[in-house]
Structure formats: C-alpha cells, structure tokens
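Undergrad: If you scroll down you'll find the structure; I have some questions about it.
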Amino acid sequence: MEKIIRLFPVDRAIGASNADAIHEEFVAKIKGRIGEQLREIAQAFSPSGRFAEGVRDGGSTTITFDDPEYGRHDPDASFQDPDAQYAGVVVEVAYLQKAQALPRLADEHILGSDGNIEVMVEFNIEYSHKLATLSILDAYTRCS
C-alpha cells in the first residue's frame with residue numbers, strides 16, 4: 001500500500017470540505033497510471049498487446065444491470081473492451097462515507113454483471129484513517 005500512496009500522493013491534511021477535490025484528484029491519478037500501463041502493454045506484439053490496445057477508459061459511465069436487484073451504479077472509473085457489454089475492470093474510491101459500502105458495491109458490480117465485470121479495484125482513502133487500503137476483488141472469488 002505504501003507504493004500506492006507514493007504513486008498517488010494525496011494531501012491528507014486537507015479538511016473534509018475539500019473531499020470532492022481530493023477524491024477527483026485521486027481518481028484522475030489512478031486512471032492516468034492505468035492508462036500508462038495499458039499503453040505500455042499495447043506496445044508488445046502479442047495477444048496481450050492487441051487486447052490492451054483495444055481497452056478504453058469508460059470513465060464513470062452509468063452501469064445498469066439486467067437484474068434490477070443489483071441497481072444502477074456510477075463507478076469512479078472503468079475500463080472496457082469495446083465489444084464487451086460491461087467494463088472488465090471497475091474502480092471505486094472511498095473518501096468519506098462510501099467506505100462501508102465497498103464490499104456491497106463489489107458484489108453488486110460483479111454479481112449483477114454475471115461475472116462480466118471481472119475485477120473491482122477499491123481504494124479506501126478516508127481522511128479519518130492513517131492508512132489507506134487497496135482491495136482487489138475478482139469475479140472468481142465473488143461468484144464461487
């Protein structure tokens with residue numbers, strides 16, 4: 001986690017009134033780093049390179065599942081193959097109250113998409129905690 005904080009530094013001394021700005025800055029840095037990695041992988045002349053070349057930043061596009069039980073969601077970031085119904089990777093960043101909802105959100109994203117959302121990456125950067133946390137939840141462990 002220390003490496004993540006160094007990659008995505010956020011001034012934790014800022015008060016809660018600037019929570020939205022901190023949240024947006026953190027999300028932008030995450031998206032930038034993931035984009036850099038995808039571009040690097042895309043340079044390889046391999047199946048992985050060809051796949052990475054096609055992955056698009058889906059932003060915080062609204063996701064509506066076929067089953068209304070799982071509701072409608074607006075993730076902080078998503079990355080999607082253009083031919084896929086859902087993003088393969090969804091990113092959620094919790095800065096204030098959303099932290100407690102992260103496990104439920106992972107279930108709703110992964111189960112609501114019937115496992116088509118393969119990975120949910122969760123960052124909990126709540127200002128009241130001294131340590132940030134990173135969770136990576138995948139369809140295999142959530143659906144099995």
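Undergrad: Taking loop as defined by DSSP and a crowding limit of 12 other beta carbons within 10 Å, which chymotrypsin sites (Phe, Trp or Tyr not before Pro) in segment 13-122 fit?
TA: PHE45
Undergrad: Taking the Cβ of ALA84 as the centre, find all other residues whose Cβ is under 13 Å away and add up their charges (Lys, Arg: +1; Asp, Glu: -1).
TA: Details: positive: ARG56; negative: ASP81, ASP83, ASP114, GLU118.
Neighbour charge sum, excluding ALA84 itself: -3.
Undergrad: Working out 0.36 nm times the residue gap between SER46 and ASP81, then minus their Cα-Cα distance, what length gain in nm do you get to one decimal?
TA: On the way: separation 35, 0.36 × 35 = 12.60 nm, distance 1.66 nm.
Length difference between fully extended and current span is 10.9 nm.
Undergrad: Just grab the label-to-label distance for ASP20 and ARG104, each label 7 Å out from Cα along the Cβ direction, in nm (one decimal).
TA: Using points 7 Å along Cα→Cβ, the separation is 2.3 nm.
Undergrad: Another question, if that's okay. Could you work out the Kirkwood radius for segment 15-143, taking every pair of different alpha carbons, averaging 1/r and inverting it, reported in Å? Numbers along the way, then the final one.
TA: On the way: mean 1/r = 0.0651 Å⁻¹.
Value: 15.4 Å, from the Cα pair sum.
Values in this text are rule-based calculations from the coordinates and carry no lab data. Keep in mind the model is a prediction, meaning the values are calculated, not measured. Counting neighbours? That spans all protein chains shown, and the Cβs are built from the backbone with ideal geometry, glycine included.
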